[in-house]
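See structure below.
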Amino acid sequence: MVILAPHQRSTIGDVGLLPLRNRAGTYVCLHQLADSYETSGRYVMLHEGARRVQTVTCNVAGRDLNAFVADAQKTLRASVELPPGTYVAFSGATAAQAQSRRDLLVHASLAGLGIIVLLAMVLENVRNLLLVLINLPFALVGGVLAVFAAGGGLSLGSLVGFVTLFGITLRNSLMMISHYEHLVAVEGMPWGLAAAMRGASERLAPILMTALVTALGLLPLALGSGAPGHEIEGPMALVILGGLITSTALNLLVLPTLALRYGRFEGKSQEI
């Protein structure tokens, strides 16, 4: 064993004096088995799952993160030849966002399927159910235009905004259709142009107030969408604000027209 006095400074040569013992119990010095010398290199060796990891980090500024990762992957595949057993894996914020997007799409699809089943049970009319559903894609046009106006990137915040906009639009459409059913079934109005105009006018204030209050609440987030820390809230607010414009207009103008042409509302028969 090599023992150094407190006043002695250890050198790279002292490393070669370290004793090693084999299975037979024989001691040899390290310099008898390997050369030890000082050079520049990594001072920490990272491992993950018994595999050595070489980490390269970077901060992206001035462009979309997903677009940068796509360009980096394309460049590495075209110009870098890796030795056998070595591969490149992208992680960090990009991988986390991709996983979050996949989870959000799966959960939103399952929730949407459940909502359609519940609507079918409540409305009990295939035509009226289709009226509620067919209005959704047209109402989301404003959100799509807002995404393109902001740069065309479909981020996690944008997806959250579309899910929220989906709920607002569905609520307004269902409120309109259910009020038409109330006018015909409860108040006894014959279904026609007068009932369609009355239902739209009576639902004008609730739909506009919903859109106005939501827009005022999200306006500060939309104005500061480029600020640090608003990577989720900013795109979400832009999508909802853009979608509220088309959603409100379509619910008040297009949906009554479609309901007048294709809707079926019948009064309840009363037994005496």
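The values are calculated or read from the model by the stated rules, or taken from the named source; none is laboratory data. Treat the numbers as computed from the prediction; the structure is a model and nothing was measured. Heads up, the Cβs are rebuilt from the backbone with ideal geometry, glycines too, and the neighbour counts pull from every protein chain shown. We work out accessible area using only protein heavy atoms, side chains counted, and drop any ligands, DNA or RNA first. Shrake-Rupley method; radii C 1.70, N 1.55, O 1.52, S 1.80 Å.
Being of a type outside the set (Ser, Thr, Tyr), open to solvent by 20 Å² or more (accessible area, probe 1.4 Å) and in contact with a Lys or Arg (Cβ under 7 Å, 6 or more places away or on another chain) is a property that holds for Met175. The numbered conditions (1) free of Cβ contacts under 8 Å to residues at least 24 places away in the same chain; (2) open to solvent by less than 70 Å² (accessible area, probe 1.4 Å); (3) more than 13 Å from Pro235 (Cα to Cα); (4) touching a helix residue (DSSP H, G or I) at 6+ places or on another chain (Cβ under 7 Å) are all true for Arg198 except (2).
Restricting the search to region 120-136, which residues are part of a helix (DSSP H, G or I) and at pLDDT below 80? Within region 120-136, Val122, Leu123, Ile134, Asn135, Leu136 meet the criteria.
Figure legend. Inter-residue proximity from region 36-56: first residues open to solvent by 100 Å² or more (accessible area, probe 1.4 Å) and at pLDDT below 80, second residues of a type in the set (Lys, Arg) and not in a loop (DSSP other than H, G, I, E, B), beta-carbon distance below 7 Å, spacing 6+ or different chains. Indicated pairs: Met45/Arg52. Of all residues in region 111-129, which are more than 26 Å from the chain's Cα centre (by Cα), surrounded by fewer than 17 Cβ atoms within 10 Å (Cβ to Cβ) and in contact (Cβ under 8 Å) with a residue 40 or more places away in the chain? Scanning region 111-129 gives Asn125, Arg127. Counting residues in region 157-176 that are over 22 Å from Pro206 (Cα atoms), touching a residue at least 12 places away in the same chain (Cβ under 8 Å) and not in a helix (DSSP H, G or I) gives zero. Scanning region 57-69 for residues that are without any contact (Cβ under 8 Å) to a residue 60 or more places away in the chain, open to solvent by 60 Å² or more (accessible area, probe 1.4 Å) and in a loop (DSSP other than H, G, I, E, B) yields Thr57, Cys58, Asn59, Ala61, Gly62, Arg63.
I'd like to know if region 70-85 contains one or more residues that are within 22 Å of Ala237 (Cβ to Cβ) and either charged (D, E, K, R) or free of Cβ contacts under 8 Å to residues at least 24 places away in the same chain (or both). Can you show your working first?
Step one: filter region 70-85 for residues within 22 Å of Ala237 (Cβ to Cβ), giving none.
No: zero hits.
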